[in-house]
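All remarks here apply to the structure that follows.
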Amino acid sequence: MPDEVVNGELPSLSGIGAKADLQVELTTPIVWSDLHRGHEPGGEIWVGIRTPGTELPERAERIRGELTAAGCRIVAAERHPDELLRAVHDEELLEYLASAWHDWREAGLDRDPGQDRVVPYLFPHPGMLPSDPGPLPIPAAITARAGRFAYDTMTLIGPGTWEAARAAVDVALSAAGLVLDGERSAYACCRPPGHHATPSAFGGSCYLNNTAAAAALLRDRGDGPVAVIDIDAHHGNGTQSIFYDDPAVLTGSVHVDPGAGWFPHFLGFEGETGGDRAIGTNRNLPLEPGTGDGPWLEAITGLAGWAAGQRAGALVVALGVDAAEADPESPLRVTLAGYREAGRILGELGLPTVIVQEGGYDLEAIGGLVRATLAGLEEGLADAG
Ligand code: SP5
Ligand code: ZN
């Protein structure tokens, strides 16, 4: 039944922003794992102070609730082989993440000094290392090992973190699998998020790069280059690093300008355009703090046009909804209608599309923002025929 009949309202002519449209029923399958609930960040160490966490289990529950109300069917994630993790991460990082909590407890650090999460205390800063360092040693002490792999103090590891992060990759890979099996689109409702996780290090509330794992699977099983378009408010530095020298994966990101004082601070600038073996395959479009729908959508249109011009055969959308105006973690000011239009622009590419959840921290808004994006995406795909 068409939504305008269900809601007793006329459909919007403009196609964006009208209330009737936001009640639209969706058909995109949503992939899910209960294991995310085991990852309770237990706070973030911000300037040395333990502050409440932002990347909470309720995020995924809210999104799922909204999408279920929109009629989406839930598909349970399937376990995938570890080999698919090694396609995007170093073995050392994987071994560390799988054992860190256990090693922390074995060392008694949860009792003395009484820290119930894994927190690094020093980092292998380039200025501390020999000029030709060779392979970075893996310190024997878990407290130091933590700084060998984490690049911030905000991304803590607790008892269920590994299982949740591992399951989040399975969620993204299962969504990619649905698309490889013929679905036009699939949504990976995963947490913890992934786009800040690099081949060898993690941070920014991310442990394993879910988006990159999905893109690598599509690259290896599909036709033509895969385009990753990252619309999270923050630069997708991990995804960029993973594919920087890979000509078969195009990575584009629109985000708040790291040069204006925003995470990830060291990366995400316009001049980063791909490694020597993949020149021109990375695009960053940094935006000023305070930017709203117009320039944000223009940037997304630019990235979509670029992907089409490069004859991308599949699309992975790194969907952070933290660019929304009320989000506590970013200064961008995108509206609900803006997210819907972003979905439409990306859908109009007409590509097999995997949408992977990244950030978004306004619990009241995130469900609606994801729903609006998926509604736009379905409209765009329908228009593309
Ligand atoms: C996936 C994602 O959106 N990660 C965002 C990571 C950005 N974190 C930077 C945190 C900057 C400090 N914010 C103050 C929070 C105090 N609790
Ligand atoms: Zn973000």
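Read-outs throughout are calculated quantities, based only on the coordinates presented, and are distinct from any laboratory measurement. Quick caveat: nothing in here was measured; it's all calculated off a predicted structure. Heads up, the Cβs are rebuilt from the backbone with ideal geometry, glycines too, and the neighbour counts pull from every protein chain shown.
Centroid-to-centroid, using Cα positions, segment 291-329 and segment 339-370 are 9 Å apart. On full extension, the segment bounded by R50 and Q23 gains 5.8 nm, given 0.36 nm per residue less the C-alpha separation. Placing unit charges on the Cβ atoms only, positive for Lys and Arg and negative for Asp and Glu, gives segment 134-206 a dipole magnitude near 220 debye about its Cα centre.
Here the contact order of segment 201-264, divided by its residue count and restricted to Cα pairs under 8 Å and six or more residues apart, works out to 33 percent. Between Y121 and A107, the simple label model (points 7 Å from Cα in the Cβ direction) yields a spacing of 0.8 nm. Remark: relative contact order (the chain) = 18 percent; criterion is Cα-Cα distance under 8 angstrom and separation of 6 or more residues.
Ranked by the mean number of other Cβ atoms within 10 Å of their residues, highest first, the peptides 121-134, 49-62 come out as 49-62, 121-134.
Between the helical axis of 161-180 and the longest alpha-carbon principal axis of the chain there is an angle of about 40 degrees.
Per-residue packing, averaged as other Cβ atoms within 10 Å, sorts the ranges 281-287, 260-266 into the order 281-287, 260-266, beginning with the highest.
With the biggest extent put first, the Cα atoms of the chain measure 64, 44, 40 Å across the principal axes.
Between 0 and 90 degrees, the angle of helix 293-309 with respect to the longest Cα principal axis of the chain falls at about 90 degrees. Straightening the chain between R37 and L363 buys 115.8 nm, computed as 0.36 nm per residue apart minus the Cα-Cα spacing. Net charge around V31, counting only other residues with Cβ within less than 11 Å of its Cβ (Lys, Arg = +1; Asp, Glu = -1)? Residues near V31 contribute -1 overall. For the Cα atoms of the chain, what angle does the longest principal axis make with the long axis of helix 57-69, in degrees from 0 to 90, nearest 10? Approximately 20 degrees, to the nearest ten. Contact order, relative form, for segment 167-275: 22 percent (alpha carbon pairs under 8 Å, 6 or more residues apart, mean separation divided by residue count). Shape of segment 214-295 from the C-alpha gyration tensor: prolate (a/c of 1.5 or more and a/b above b/c, with a ≥ b ≥ c the square roots of its eigenvalues). Cα centroid separation, segment 172-189 to segment 102-154: 36 Å.
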